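**Q** The following block contains the structure, expressed as C-alpha cells.
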Amino acid sequence: MHSSQSLGDVHETIDPALKKKGWRRFLAYIGPAYLVSVGYMDPGNWATDLQGGAQFGYQLIWILLMSNLMALLLQSLSARLGIVRRRDLAQANREMYPPLVNFCLYLLAELAIAACDLAEVLGMAIGIQLLTGLPVLWGVTLTVLDTFLLFYLQRLGMRKMEAFIIALVAVIGISFLIEVVMAKPHMGDVVKGFIPTRLNEKALYIAVGIIGATVMPHNLYLHSALVQTRKIKGDSTSIKQALKFNAIDSTIALNVAFLVNAAILVLAAAVFFTTGNQDVAKIEDAHRLLQPMLGTKLAPLLFAIALIAAGQSSTVTGTLAGQIVMEGYLRLRINPLLRRLLTRLLAIVPAVLVITIWGESHLDDLLVFSQVILSLQLGFAIIPLIHFVSDKVSMGEFAIRMHVKITAWVVAAILVFLNVRLVMQSSFEAYAQPGHLGTKIGISIAWLAFAWLFAMMTFLPLVQKSRRRSNASVHKEDKPLINLSIQPVSVIAVALDFGSGDEKLIANALAQGKKEAVYYLLHIVETVSASYLGDKADDHETRADNQQLELYAEQLRLMGYTVHTRLGYKSRIQEIVRIVKESKADMLVMGAHRHSGLKDWLYGETVNQVRHKLTIPILIVN
C-alpha cells in the first residue's frame, strides 16, 4: 500500500469497472455523498433549524436553500479534487503551503471537527434522555461506546459502512416526513419562506449558524478522500464518468439532507411559531410540546429516534475526517480506535464542563455556538479548494470552467463576509465594555493572526502556482536506495512457548543464521512461584520447562548448531527483552498467535510491546 493514499485502509477497495454498464455501474459510485450528507443533518442542524423556525417562522427557509446550493457546489469541487488528482484537501494543502500555514490550517480543521463532534455528543445524549429518561450527563459519557461501533464498521468494509449510514438517513427522513404530515403546515407561508428577506442581528446569528451547520468545513476534507475508495482509471473517459456519477450522487444525497433540514424548520414554524411559542429554543422543549400540540405520542417518539440516528450517523463521518486531516497535514497515522477516542474525549470534556457548571439549560446554546464555530472555519477550507480545482497545471482538462470559478469565489466571498460581520459585531461589543484590557489585547492579536493566515492562504497560490512544498506522503520524501548491505546475523534469540508452533519458530531461526550463528532458546516461566521467587523458583513447571528447553537444544547440537538455553521469570515482556539484551542477540524470532480485540486484553500483546523495546530486527512467525 502506497503511503500517500488517503484513507489507506479502504483506498480503491471498490472497483466500479467490475460492474456491468448502466445503472449497476452507477450504483457502485453511490455512497460517498451519503456519508457526507449526514453531516448536513446532525444534531447541530436540529438546534439551528428549530430555533430558526420557532423564532422566525418560515423566514429562514431561503437561507437553508442557499446553503444547500452552496454545499452542492463546494462538495462537487471537493469530489473533483479527489477524483482527478487522487489527493484529499489536506494533502493538497500540504503540497502548496509552507509548514506554519499548514499547521494553522490543521489546527482550524481540528477545531471544526471537535465542534462538530460536540454537537453529535450533545445531540445523542439529549436523544437518549428523551427516549429513556437517562440524565444528559450519563448520556454524554455513554457516547464513548460508539467509538467501538465505528471500529467494527471499518473492519466490515466501505460498502457495509455506507449501507449503515444510508439506513440511518432513511430513519431520519421517514421520521420527519411523518411529523410534517401530522403538523399540516400552511403551504402558502412555506413558499413565501423561499423569498430572501432582510435579517436583523438575531436572525443573522441563527442564519450564520444554519450555514455553518449546512456547509461544514470537515466535509470538504472528507468528500475528497471518500471518492478515492473507488478505483478509477486515469484515462479521460473514466474520469469524466466518475465525475458525472458523483455529481448525481451528491445531488441526490444533499437534496435529501436539505429536505430533512427544511422539514425540521417547517415543523418548528408550524407547531411553535404560529401558535405563539416563539421562545421554544431547546430540543427538549420541542420534544415535550410535540405531543400536546399534534395530539399523538408518535411524534415525540419519532423525534427522539431520529435525533439519536442523526448523532450516531454523523459521528462516523467526523472520525473519518479527523483521520484524513491528521494524516494529510501531519503525516501522522495512528490507530483509528485511538484517534476516535481522542476526538470523542475532546467533545465530551466541554460538554461535561457546561453541564456541571451551568446545568442542562445551556446545552442548546452550546449546540448553536458549535455551528457558528464551524461556519467561521469555512473560508479556510473553501479558498484553498477553489485554488486547487482551478489550477490547470495539476487538473489539466478537468480544471473548473470560468463561470464555475466565478460562482465559487462569490460563494466564498458571501461566507467570509457573513462570518467577518458576525465576528466584528462580537468584537465591537467586547471593545465597548469598560476595562477588560487583557481581553481586548487578545482579540486584537487574534484579528492580526487570522488576517495574516487569510492573506497567506488566499494569495500565496496566486504568486507561487508552480511551487510544491512537499510530497503529500504520510512518510518522508522518496529517497534513492543506496546502501542495501547489512551485517549477517551472528546471535539469534528464539522465544518459545512450548506450543505446536515451536518447530516452525526454530526452523525459521535456523534459516536466518545457518550453522554459523549462535542460538539462544528462551522461555518465560509464569507460575505463581516464579512470579514471587524469580530464578529461585524450583517448582514442577519450572523444572519441566528447563528440561524441555534442553531437549530442544540437545537435538540441535547433534545437528551441528551452537545452542544455549535461558529461562525467564515474572514479566514475560521484560524478561524477553532482558535475555535478548544480555545474550547480545542481533535478531529475535517470536511467534504471533493471531488473536486480537478482547483476546489482546486477556492474553496480552507480547509481540507489539517487545518490538517497541528492542532496536534489533524481529522476525514474527505466524
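**Q** Only Lys, Arg, Asp and Glu count, each charged at its Cβ (+1, +1, -1, -1), so figure out the dipole size of the range 491-621 about its Cα centre, rounded to 20 debye. Don't jump to the answer; show the numbers that get you there.
**A** Values: 16 positive and 17 negative charges, 91 e Å.
Around 440 debye, computed over the range 491-621.
**Q** Return P(r) of the range 372-421 (all Cα-Cα pairs; 5 Å bins starting at 0; whole %; ordered from short to long distances).
**A** 4, 22, 26, 20, 14, 9, 5, 1
**Q** So if I average 1/r over every pair of distinct C-alpha atoms in the range 491-621 and take the inverse, what Kirkwood radius in Å does that give? Intermediate values should be presented prior to the final figure.
**A** Numbers: mean 1/r = 0.0663 Å⁻¹.
Answer for the range 491-621: a Kirkwood hydrodynamic radius of 15.1 Å.
**Q** Pick out, from Leu533, Val518, Leu496, the residue whose Cα sits farthest towards the positive end of the charge dipole of the range 491-621, with +1 on the Cβ of Lys and Arg and -1 on the Cβ of Asp and Glu.
**A** Looking along the dipole axis, the top candidate is Val518.
**Q** Also: Among Lys231, Lys536, which comes first, second and so on when ranked by fewest other beta-carbon atoms within 10 Å?
**A** Details: Lys231 16, Lys536 10.
If I rank by nearby Cβ atoms, fewest first, I get Lys536, Lys231.
**Q** Using θ = phi - 60° and the Karplus relation 6.51 cos²θ - 1.76 cosθ + 1.60, list the HN-Hα couplings for the range 572-588 in order, rounded to whole Hz, with x at every Gly or Pro.
**A** Listing the rounded values in order: 4, 5, 4, 6, 4, 4, 4, 5, 4, 5, 5, 7, 6, 5, 10, 7, 10 Hz.
**Q** Distance in nm between label sites at Gln547 and Val144, each 7 Å beyond Cα in the beta-carbon direction?
**A** Inter-label distance under the simple model: 4.8 nm.
**Q** Between His564 and residues 5 or more places away or on another chain, which pairs have amide H atoms under 5 Å apart, with H built 1.01 Å from N, and which residues are they?
**A** It is Tyr519, Tyr520, Leu521, by chain and number.
**Q** Related question: Give me Ile406, Ile165 sorted ascending by neighbouring Cβ count inside 10 Å, so fewest comes first.
**A** Details: Ile406 11, Ile165 22.
By the 10 Å Cβ count, ascending: Ile406, Ile165.
**Q** Starting at the first residue of the range 256-273, write each ³J(HN,Hα) from the Karplus equation 6.51 cos²θ - 1.76 cosθ + 1.60 with θ = phi - 60°, in whole Hz, x for Gly and Pro.
**A** Working through the residues one at a time gives 4, 4, 4, 5, 5, 5, 5, 5, 5, 5, 5, 4, 5, 5, 5, 8, 9, 4 Hz.
**Q** So how do Arg87, Arg94, Arg331 line up by other beta-carbon neighbours within 10 Å, fewest first? It would help to have the intermediate numbers written out before the result.
**A** On the way: Arg87 22, Arg94 25, Arg331 18.
Least crowded to most crowded, the residues run Arg331, Arg87, Arg94.
**Q** Another question, then. With respect to the cross-link table entries Lys581/Lys613; Lys160/Lys231; Lys184/Lys297; Lys536/Lys584, which display a Cα-Cα separation exceeding 19 Å?
**A** Values: Lys581/Lys613 10 Å; Lys160/Lys231 17 Å; Lys184/Lys297 17 Å; Lys536/Lys584 24 Å.
With Cα atoms farther than 19 Å apart: Lys536/Lys584.
**Q** So which chymotrypsin sites (Phe, Trp or Tyr not before Pro) in the range 482-547 are both in a DSSP loop and have at most 15 other Cβ atoms within 10 Å of their Cβ?
**A** On the way: sites: Phe498, Tyr519, Tyr520, Tyr532; in loops: Phe498.
Here the chymotrypsin sites (Phe, Trp or Tyr not before Pro) that fit, given the DSSP loop and packing criteria, are Phe498.
Bear in mind these aren't lab numbers, they're just calculated from the coordinates by the rules spelled out. If you're wondering where the values come from, they're calculated on a predicted model, not measured in any experiment. Every residue, glycine as well, gets a Cβ built from its backbone with ideal geometry; the counts of neighbours run over all protein chains shown.
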